[in-house]
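Structure first, commentary second.
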Amino acid sequence: MFVSFLVGGMLPIIPFFFGSGYSALAIAIGISVTASFIVGAIKSRMAETGILKGGLEMAGLGTGVALIGFGIGSELANLGIINI
């Protein structure tokens, strides 16, 4: 379980070791969405449901959660509660 958490947490950070700014961010987002899709596809394969549906579902949920987190962080920064 720990190894899964470690690998999943490291994937989006890797581009920032080699670059910075928007290019690293774009690559990190791409890696995260791709990894989410793969996990969803594997889950669907194990559950014997549609692989494409499961992959898109997981990637969509991951993207939605990321957008919600970004929105909350932006609002907290606008209110002066946190510094970004």
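Just so it is clear, none of the values below were taken in a lab; they were calculated from the coordinates. What you are looking at is a predicted structure, and each value in this text was computed from that prediction instead of being measured. Cβ: placed from backbone, ideal geometry, glycine included. Neighbour counts: every protein chain shown.
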Tell me which GluC sites (Glu not before Pro) from the chain have a DSSP coil assignment and no more than 16 other beta carbons within 10 Å of their own.
48
Mind checking which helices in the chain clear 18 Å along their axis (Cα) and have mean Kyte-Doolittle hydropathy of -0.5 or more, DSSP H runs only?
21-47, 51-78
Can you give the helix-only mean residue ellipticity at 222 nm for the chain, where every DSSP H stretch with n ≥ 4 adds -39500 (n - 2.57) and the sum goes over all residues, rounded to the nearest 500 deg cm²/dmol?
-27000 deg cm²/dmol
Calculated P(r) tail over 20 Å for the chain, as whole % of Cα pairs:
48 percent
Radius 15 Å from Cβ of residue 38, net charge of other residues (Lys, Arg +1; Asp, Glu -1)
+2
Choice from 68, 29, 42 showing the highest fluctuation, given a GNM over the chain with Cα pairs closer than 10 Å:
68
